[in-house]
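So that we are looking at the same thing, I have put the structure below in structure tokens.
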Amino acid sequence: MNGEGARVQTRTGLGPALAIAAFILLSHATFLRLPFFWDELGQFVPAALDIFQHGQWVPRSTVPNVHPPGVMAYLAGVWLIAGYSIAATRLAMLALAAAGAVVTERLAARMGLPPAAAALAAGFLAISPLFFAQSMMAELDMPAMVFSSLALLLFLEDRVVPAALVCTVLVLVKETGIVAPAVFGAWLWFTDRRRKALWFCLPIPPLLVWLAVLRHSTGHLFGNAAFTEYNVWYPLHPVRLALAMLRRLYYLFAGSGHWVGTIAVALALRRGRLFHTRAWGVAASLAAAHVLVVSALGGAVLERYLLPVLPVLYAAFAGALWQYASRWRFVSVTALGAALVAANFINPPYPFPWENNLAFTDFVTLHAEAARYLEAAFPKQKIVATFPLSSALIRPEFGYVRHPLHVREIYDFRASNVAPLAHEDVAAVVLYSSTWDPLGIMHNPRWTAFLHKYYGYQPPVVPDDFRVLLGAQPVARWTRRGQWIEIWGR
């Protein structure tokens, strides 16, 4: 397809993309005041507040780490204009997500998809459970997806300097974004455009400056030693690395109905020429490099790290499905779309991070109810809780309490952490479901032995043990769609 044809397709497809962007904004209206969740309140919102309130670019109210301050500075800028609020934060993130939908449509069109198929790619992204949940959250991976996709679009349009500038923004959003300029520079270098390839060295100095600032402020190149160990060295164990890779491949090509698109892509590769272009070669190499990096780095193996790959993945699905005859196209598109929508509300039959779909809103709602009860019933007494509730009860700006409570945080509820509480003036202990496990996998001794060997897993004490260890009794309990939270009073 020539450049003029691509520009025509982009113009004709912009209307649907803007409609999808509007859907992203409007469909999250009921969540705008939802209190912050997990890493939002554990890392990113506190770091942004440090910039907003004190001008501290290296966090002081939370543990500093290697993540650059790009998103936190963006939020601080929004709060400077609109004032600090949860709603302003969620709207700021949704604005980026809406821009990501528009970029995804333009990217799909530039990669050779007809306008309807390009709009379909953006539509798949908008309704996918991981993106839908993450699009409202103050975290790094959705913004990284936006700038990674924009850089790819500009690179495919041969706008090298703008692409390099966007890559610079990308690495200041998340450090793993360095993959994009490395891939783009390699493509130019090995196609004898070496002078232009040097532009993609531009993101390196800002990232090095940030690391130098971290080193100077904390004494550690990546912010702290524990973060470095867990996210750089710990994942490289062969068993953990292999399982991380398998988990990545499953999520991308099978989970949430993705198998429908995967079959279509496999057939398209065999029968057609859609994917046999330079544009798809660049996109595929970028996606593959990103998957490899986030599999080798990051001890938590969270699916949200895959967000920068989703625009390319859904463009591939949409393009391949568009190759079907009209009847099979309708059936397959409907099946994949229905599976994606359903996956927002229906949990998989195995443990997964709550943030992968709207289950995280149930988690937050339960914890907000428990926090209100604790604030009324135990306003001054010592409360034992684990993260993230422990942080939620201490800082009112996270949306759970009006006044800080007296919290004794423990890492988890293994026996070695619970036993010392018997000698403390603890008034209440808060327990909650931290894992979705409808099949009882976490009660299988072989599986837990495997987790203990390779991941250091220790089973928590059972609730009845609190009667013995602490002389505590259950005083309140809430449940919501298979999740629960309960308070034991001493």
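The values are calculated or read from the model by the stated rules, or taken from the named source; none is laboratory data. This one's a predicted model, so the numbers in the text were calculated from it and none came from an experiment. Don't worry about glycine lacking a Cβ; one is built from the backbone with ideal geometry, like all the others, and counts go over all protein chains shown. Side chains are part of the model used for accessible areas, which takes the heavy atoms of the whole protein and leaves out ligands, DNA and RNA. Shrake-Rupley method; radii C 1.70, N 1.55, O 1.52, S 1.80 Å.
Within segment 189-227, count every residue that is hydroxyl-bearing (Ser, Thr, Tyr) and touching a residue at least 40 places away in the same chain (Cβ under 8 Å).
Residues in segment 189-227 being hydroxyl-bearing (Ser, Thr, Tyr) and touching a residue at least 40 places away in the same chain (Cβ under 8 Å): 2 in total.
From the residues in segment 162-211 that are out of contact with any helix residue (DSSP H, G or I) (no Cβ under 8 Å at 6 or more places or on another chain) and assigned to a helix (DSSP H, G or I), which one is least open to solvent (accessible area, probe 1.4 Å)?
Among residues in segment 162-211 that are out of contact with any helix residue (DSSP H, G or I) (no Cβ under 8 Å at 6 or more places or on another chain) and assigned to a helix (DSSP H, G or I), the one least open to solvent (accessible area, probe 1.4 Å) is 211.
Moving to a separate point now. Out of all the residues in segment 65-99, which are part of a loop (DSSP other than H, G, I, E, B) and under 15 Å from residue 140 (Cα atoms)? Walk me through it before giving the result.
Residues of segment 65-99 that are part of a loop (DSSP other than H, G, I, E, B), as a first pass: 65-69, 83-85.
Those that are part of a loop (DSSP other than H, G, I, E, B) and under 15 Å from residue 140 (Cα atoms): 65, 66, 67, 68, 69.
Let me ask something else. Only one of these is at pLDDT 95 or above and crowded, with 18+ Cβ neighbours inside 10 Å: 376, 343. Name it.
Being at pLDDT 95 or above and crowded, with 18+ Cβ neighbours inside 10 Å holds for just one of 376, 343, which is 343.
How many residues does segment 396-421 hold that are touching a residue at least 24 places away in the same chain (Cβ under 8 Å), surrounded by 13 or more Cβ atoms within 10 Å (Cβ to Cβ) and either more than 29 Å from the chain's Cα centre (by Cα) or not in a helix (DSSP H, G or I) (or both)?
15
Could you tell me which residue of segment 100-116 is farthest from residue 157 (Cα to Cα), considering only residues that are in a helix (DSSP H, G or I) and of a type in the set (A, V, I, L, M, F, W, C)?
That would be 116.
Given (1) in a loop (DSSP other than H, G, I, E, B); (2) open to solvent by 50 Å² or more (accessible area, probe 1.4 Å), identify the lone condition not met by residue 269.
Answer for residue 269: the failing condition is (1).
Further question: Out of everything in segment 74-90 that is buried (at least 17 other Cβ atoms within 10 Å of the Cβ) and among the aliphatic types (A, V, I, L, M), what residue ends up being farthest from residue 165 (Cα to Cα)?
Checking each candidate, the answer is 86.
In addition: Taking residue 479 as the residue in question, decide whether it is open to solvent by less than 40 Å² (accessible area, probe 1.4 Å) and either hydroxyl-bearing (Ser, Thr, Tyr) or not in a helix (DSSP H, G or I) (or both). Write out each step before concluding.
Details: open to solvent by less than 40 Å² (accessible area, probe 1.4 Å): no; either hydroxyl-bearing (Ser, Thr, Tyr) or not in a helix (DSSP H, G or I) (or both): yes.
When the stated conditions are applied, residue 479 does not pass them.
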